[in-house]
1. Considering only region 176-198, I want to know if a residue exists there that is in a helix (DSSP H, G or I), surrounded by fewer than 20 Cβ atoms within 10 Å (Cβ to Cβ) and more than 14 Å from the chain's Cα centre (by Cα).
2. So L145 clears everything in (1) under 17 Å from the mean Cα position of the chain (by Cα); (2) surrounded by fewer than 19 Cβ atoms within 10 Å (Cβ to Cβ); (3) away from ligand 2 (no atom under 15 Å from the Cβ) except one condition, right? Which one?
3. Give me a count of the residues in region 107-130 that are under 13 Å from I32 (Cβ atoms), within 16 Å of ligand 1 (Cβ to nearest atom), in a loop (DSSP other than H, G, I, E, B) and free of Cβ contacts under 8 Å to residues at least 60 places away in the same chain.
4. Being of a type outside the set (D, E) and within 14 Å of ligand 2 (Cβ to nearest atom) is the filter here, so list the residues in region 122-142 that pass it.
5. Would you mention how many residues in region 131-157 are farther than 27 Å from L10 by Cα and either free of Cβ contacts under 8 Å to residues at least 12 places away in the same chain or within 11 Å of ligand 1 (Cβ to nearest atom) (or both)?
6. So if I check each of Q83, Q40, Q87, which one is polar (S, T, N, Q), within 14 Å of ligand 1 (Cβ to nearest atom), without any contact (Cβ under 8 Å) to a residue 12 or more places away in the chain and not in a loop (DSSP other than H, G, I, E, B)?
7. How many residues are of a type outside the set (G, A, S), within 16 Å of ligand 2 (Cβ to nearest atom) and surrounded by 16 or more Cβ atoms within 10 Å (Cβ to Cβ) when one looks only at region 99-119?
8. Can you name the residue in region 52-80 that is hydrophobic (A, V, I, L, M, F, W, C) and in contact with a Pro (Cβ under 9 Å, 6 or more places away or on another chain) and is also surrounded by the fewest Cβ atoms within 10 Å (Cβ to Cβ) among such residues?
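Readers should treat all values here as calculations from the given coordinates under stated rules, not as data from a laboratory. Computed from a predicted model, the values in this text were never measured in an experiment. Every residue, glycine as well, gets a Cβ built from its backbone with ideal geometry; the counts of neighbours run over all protein chains shown.
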Amino acid sequence: GFARPSTAALKGRRVIVTSGPTHEPIDPVRYIGNRSSGKQGHAIAAAAREAGAEVTLVSGPVALADPWGVTTIHVETAREMQQAVEQALPADIFVGAAAVADWRVVEAAPEKIKKGAKNPPSLALVENPDILAAIGRRKRDRPALVAGFAAETDRLIEHAEAKRLSKGCDIIVANHVGAGANVFGGDRNEVTLISAAGRESWPNLTKTEVAARLVAAFAKKLSEARQ
Ligand code: CTP
Ligand code: CA
């Protein structure tokens, strides 16, 4: 193809991206899940491929096509997502863009739970593994660059920086998801990049533009890290 300047920024690099929600079954027809279209995560996977990387996308249930040239693994639950990510290691860059369900039902019912007769069911929940934190804190095969997202409704920077530190990430992409932000399902996003070096706020951009800029920022950080 055409030799565009950015096309080789990640040539020879391996990138793993998680995207979309996870669905945690309550019974065969119901689930617990976060709001997430997967648009931002899928756009990052596509942009990394565009930049020459070998990309594995681990996607929860989304209504999007698999990005061209990207190895896409489809999963339902957080535990399946974690397993797929670990099987895809080693990698140079990990990007946790998925909206992973924080809890799952201890034991999903094997048959559909019927409403009516008795009281509404109470769900016993247990916390899901934190996929990003597990990658960020790995001793063996930790990707050189680990990036996560922080979706916050309040005290965005403070919460996002706390997540960066607690999850052992190099970069957190913070986005405001409060009422009116219109991030979920939309085509635009306004983010602040947070790293040990400081922070950088970008204007409101399309998710495709955010993805291209993130990939450029990741490539730059990775090359700095290797010098
Ligand atoms: N994440 C993950 N596994 C989880 C929960 C979150 O990998 N079980 C990742 C997300 O993909 C994201 C980052 O952690 O990159 C932050 O997710 P977020 O939901 O904002 O943070 P939590 O740590 O779950 O905290 P809370 O939802 O309570 O704000
Ligand atoms: Ca969460």
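1. There is no residue in region 176-198 that is in a helix (DSSP H, G or I), surrounded by fewer than 20 Cβ atoms within 10 Å (Cβ to Cβ) and more than 14 Å from the chain's Cα centre (by Cα).
2. In the conditions (1) under 17 Å from the mean Cα position of the chain (by Cα); (2) surrounded by fewer than 19 Cβ atoms within 10 Å (Cβ to Cβ); (3) away from ligand 2 (no atom under 15 Å from the Cβ), L145 misses (2) alone.
3. Number of matching residues: 0.
4. Within region 122-142, L125, N128, P129, I131, L132, A133 meet the criteria.
5. 5
6. Result of the check over Q83, Q40, Q87: Q83.
7. 2
8. My answer is V62.
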